[in-house]
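Have a look at the structure below, then the notes.
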Amino acid sequence: PRATPAVAGGRVVAMSREGQAWCLDAASGKVLWQRQVARETGADLPQWGFAGSPTVLGSRLYLNVGAGGTALDLASGKVLWASKGGPAGY
């Protein structure tokens, strides 16, 4: 990833440059889930790639993907909501 991963509830979550989100078990490193968030939400890949740090609030994971952002369920990786497609900003 191009930004700091987040650690919460025994999980480590990170976002790749290409728009893939990963959730790993913090103790073992086992992949709990992964999602192609940019493709699933129709977000454009920025010229610099995705570089925002994930943010965890409660059971939700917030990512800078799309024009306004995307929220995933931390436990399953399911997309809870997403802004319209388009490029992510700073």
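The values are calculated or read from the model by the stated rules, or taken from the named source; none is laboratory data. Just so you know, these numbers come straight off a predicted model, no measurement behind them. A quick note on method: Cβ atoms are made from the backbone with ideal geometry, for glycine too, and the neighbour counts reach across all protein chains shown. For accessibility, only protein heavy atoms count, side chains too; no ligands or nucleic acids. Shrake-Rupley method; radii C 1.70, N 1.55, O 1.52, S 1.80 Å.
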How much of the accessible area of the chain, in percent, comes from carbon and sulfur atoms when a 1.4 Å probe is used?
53 percent
Multiplying the sequence separation of residue 39 and residue 59 by 0.36 nm and subtracting their Cα-Cα distance, what value in nm do you get?
4.9 nm
Residue-normalised accessible area of the chain, expressed per residue, 1.4 Å probe, Å²
54 Å²
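Can you compute the helix-only [θ] at 222 nm over the chain? Use -39500 (n - 2.57) per DSSP H run of at least 4 residues, normalise by all residues, nearest 500 deg cm²/dmol.
-1000 deg cm²/dmol
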Per residue of region 73-80, what does 6.51 cos²θ - 1.76 cosθ + 1.60 with θ = phi - 60° give for ³J(HN,Hα)? Whole Hz please, x for Gly and Pro, Karplus curve as stated.
6, 5, 6, 10, x, 4, 6, 8
Given a 1.4 Å probe and heavy atoms of the protein chains only, how would you sort 32, 57, 63, largest accessible area at the top?
57, 32, 63
May I ask you to derive the FRET efficiency for residue 26 and residue 47 from their Cβ-Cβ distance with R0 = 41 Å, giving the value to the nearest 0.05?
0.80
Starting from 0 in steps of 10 Å, tell me what percent of the Cα-Cα pairs of the chain lands in each bin.
20, 56, 22, 2
